[in-house]
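The values are calculated or read from the model by the stated rules, or taken from the named source; none is laboratory data. Since the structure is predicted, the reported quantities are computational estimates derived from the model, not experimental observations. Methodologically, a virtual Cβ is constructed for each residue, glycine included, from the backbone with ideal geometry; neighbour enumeration extends over all protein chains shown. Please note that ligands, DNA and RNA were not included when accessible areas were found on the heavy atoms of the full protein model with its side chains. Shrake-Rupley method; radii C 1.70, N 1.55, O 1.52, S 1.80 Å.
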Amino acid sequence: MKTPMTNLEMRLAGYGGQGVLFAGRVIATAGLLSGREVSWLPSYGPEMRGGTCNCSIIISDDPIGTPLVVDPQIIIAMNKLSFDRFNDSIVPGGLMIVDDSTFAMEATRDDIENIIYPYAQFASDNDCSDEQGNPLGNLLMVGALWKATQFCSEDILDEALVQSIPERKTALLEVNRKALALGKGL
């Protein structure tokens, strides 16, 4: 799928602790570094880890009128609950990227492109985990998104990753780069 670069609307969703908001921040930062209009709208429950969360991202060449993503072109679902919740909202011709590490998954729509892969398991198997041992499936999925859409240049995506990592976690830059590269190669 080559997504039109004039207006890219997407939603990332999963459980808190899966890196949903971080992945969204990397994508949004890449849009900003590309000189485009960007909206990043996080939404999460009161739980720090384990609760549901999602973020809406718009990257556009035109001014953005509202940060709400009603008809996304892209959904990145990091768990079954997110897949079930957002699968029907993708516009025909859109893209669904799903991590099926924890549940058996088959495409339910033939009018969208489906990329289904056990991203978190693959990250774990390839030593791509954070300091607590959580697999970086989120960045593998950003890599898969980049491969499918090329929403920015590779250099800008790397710089967005660098700028998105908090100072206290700079030691994780190389493992995050590794996860992103693995995702681009899938």
Report task. Pull out a ≥ b ≥ c, the square roots of the eigenvalues of the alpha-carbon gyration tensor of the range 127-186, then state rounded if a/c is under 1.5, prolate if not and a/b is larger than b/c, and oblate in the remaining case. Result -> oblate
Query raised in the report: At a 1.4 Å probe, what is the % contribution of carbon and sulfur to the accessible area of the chain?
Result: 51 percent
**Report entry** Cβ-Cβ FRET estimate between Asp125 and Phe103, R0 fixed at 22 Å, reported to 0.05
**Finding:** 0.80
Query raised in the report: Taking +1 at the Cβ of each Lys and Arg and -1 at the Cβ of each Asp and Glu, which of Phe86, Ile76, Leu139 sits farthest along the dipole of the chain towards its positive end, judged by Cα position relative to the Cα centre?
Result: Leu139
Requested in this report: Go through the range 27-97 and name the trypsin sites (Lys or Arg not before Pro) that are in a DSSP coil and have 14 or fewer other Cβ atoms within 10 Å of their Cβ.
Outcome: Arg49
**Report entry** Per residue accessible area of the range 1-160, 1.4 Å probe, in Å²
**Finding:** 45 Å²
Report summary line: For the range 90-155 the GluC sites (Glu not before Pro) that pass both the DSSP coil test and the at-most-16 other-Cβ-within-10 Å test are Glu106, Glu131
Query raised in the report: Among the chymotrypsin sites (Phe, Trp or Tyr not before Pro) within the range 46-142, which fall in a DSSP loop and have no more than 16 other Cβ atoms within 10 Å of their own Cβ?
Result: Phe103
Query raised in the report: Non-local amide H neighbours of Asp130 (under 5 Å, H modeled in plane, Pro and chain starts lacking H): which ones?
Result: Leu136
Requested in this report: Among Asn7, Leu172, Val26, flag the residue with its Cα farthest along the positive direction of the charge dipole of the chain, charges on Cβ as +1 for Lys/Arg and -1 for Asp/Glu.
Outcome: Leu172
Requested in this report: Assign one of three labels to the range 77-172, namely rounded, prolate or oblate, based on the Cα gyration tensor with a ≥ b ≥ c the square roots of its eigenvalues; rounded applies when a/c is under 1.5, prolate when it is not and a/b is larger than b/c, and oblate otherwise.
Outcome: oblate
